[in-house]
1. Considering only residues that are more than 15 Å from the chain's Cα centre (by Cα) and over 19 Å from residue 187 (Cβ atoms), look in the stretch 290-314 and name the one that is surrounded by the fewest Cβ atoms within 10 Å (Cβ to Cβ).
2. For the list (1) in the same structural domain as residue 156 (by TED's automatic domain parsing); (2) assigned to a helix (DSSP H, G or I), I need the number of the one condition that residue 317 fails.
3. When you scan the stretch 93-110, do you find a residue that is touching a helix residue (DSSP H, G or I) at 6+ places or on another chain (Cβ under 7 Å), assigned by TED's automatic domain parsing to the domain that holds residue 218 and without any contact (Cβ under 8 Å) to a residue 24 or more places away in the chain, even just one?
4. Among 181, 260, 213, which is the only one that is under 22 Å from residue 30 (Cβ atoms), touching a helix residue (DSSP H, G or I) at 6+ places or on another chain (Cβ under 8 Å) and not in a loop (DSSP other than H, G, I, E, B)?
5. Taking the condition at pLDDT 90 or above and touching a helix residue (DSSP H, G or I) at 6+ places or on another chain (Cβ under 8 Å), does residue 387 pass?
6. Determine which member of the set 356, 375 is modelled with pLDDT under 90 and closer than 26 Å to residue 441 by Cα.
7. Restricting attention to the stretch 169-181, does a residue exist that is closer than 30 Å to residue 368 by Cβ and at pLDDT below 95?
8. For residue 458, work out the one condition from (1) surrounded by 12 or more Cβ atoms within 10 Å (Cβ to Cβ); (2) within 30 Å of residue 347 (Cα to Cα) it doesn't fulfil.
């Protein structure tokens, strides 16, 4: 209670994501990398024994962090501190720990592994969001709703069609995420400045063995390949690519949350509101969209954070500088934690959206008379009316009806005016039939079903094992 704690950990992100970027996982992964390096070096002929490797494996997860922390205070080097601590536990293996490697062998390869594992968590939750939105869009595929351009009433769409706009954004994020996961590479075993000089010395100038070492380590770690060339570090543009994906997801979620905040203001659609939830400390009646507002807030953080790796990538001098380290420790894990929190909220909202069709219809009928005038004009001309005369009559009636709505606060009576004018030749009953909102939604219902069946469903079916999880929000 006396020190600052990161709210991404204490309030927003899941334990799963927090553990993924924990010191424990990082340092265990370092030890795993040292074990794999030793195994590969032994397989290629270096004098490393099975006993040494078994000793390393015995202490892979048994971290002596206090020893490492004390050593780091003395030597000011985190990797060498952990080499020392591991060596204290594994005296026979001590001489071959980190053999030929540079700090970035463990540091950079671990960073990539953690990012991949984090992206897989994000991927699963993104798919869950898509699944919930898909069900929602299908259910409300043909429910007419007032469309808006410039935040002004426009032609009708449907609730399901609007949800498909949110869903298509997520589908684009999924495609980008898949590309990154399928093309991500490890740093591999490259040595101090990426030339593999130390390993060439260890293997007596045998280039094939040095290449085989790189390949073996990468395969043992479950990756397809390493970067073909590096400096001391993997290209920092990889961090930019990863955070751009996270930023893209944040952008999509931000669009969704802002739309929902507006819809909740209009009382058309609401996010879930729990039985004992309090909207305001003073105004007991309020149902504030706190989940959507939190998405907006976290999305803003991620979008801004994505600038960090871009600046870092552009300012790396030659084979590397250390001005990346402190920034990476902050910007990358926090982006993952924030997007994890965003998707937890998104899943919670999308799985519990509340729709109010009567309010939606009320808003439609306040504006539909104006939107129906073009259709009425065309039908009246087909019945023998004069297009120019009828256009002027509609214009006059529209101005009068708008005045009644805006200045007098009364209902829109445009259709009644048209029905009472014999020049149009319509009965009130005919106009009422024309005024069915479903006459003005175009192909929106068909577009919803076609989009879901042809584009979304194949993705969900291919990933059905990842679906069905519920995400709780912590506060």
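The values are calculated or read from the model by the stated rules, or taken from the named source; none is laboratory data. Keep in mind it's a predicted model, so treat the numbers as computed, not measured. Quick reminder, even Gly has a Cβ in these numbers, built from the backbone with ideal geometry, and neighbours come from all protein chains shown.
1. It comes out as 314.
2. Checking residue 317 against (1) in the same structural domain as residue 156 (by TED's automatic domain parsing); (2) assigned to a helix (DSSP H, G or I), the one that fails is (2).
3. In the first step, residues of the stretch 93-110 are kept if they are touching a helix residue (DSSP H, G or I) at 6+ places or on another chain (Cβ under 7 Å); the result is 93-94, 96-101, 103, 105-107, 109-110.
If we keep only those that are assigned by TED's automatic domain parsing to the domain that holds residue 218 as well, we get 93-94, 96-101, 103, 105-107, 109-110.
Those left that are additionally without any contact (Cβ under 8 Å) to a residue 24 or more places away in the chain: 94.
Looking through the stretch 93-110, at least one residue is touching a helix residue (DSSP H, G or I) at 6+ places or on another chain (Cβ under 7 Å), assigned by TED's automatic domain parsing to the domain that holds residue 218 and without any contact (Cβ under 8 Å) to a residue 24 or more places away in the chain.
4. 213
5. yes
6. Within the list 356, 375, the selection yields 375.
7. Checked against the condition, which is being closer than 30 Å to residue 368 by Cβ and at pLDDT below 95, the stretch 169-181 yields no hits at all.
8. (1)
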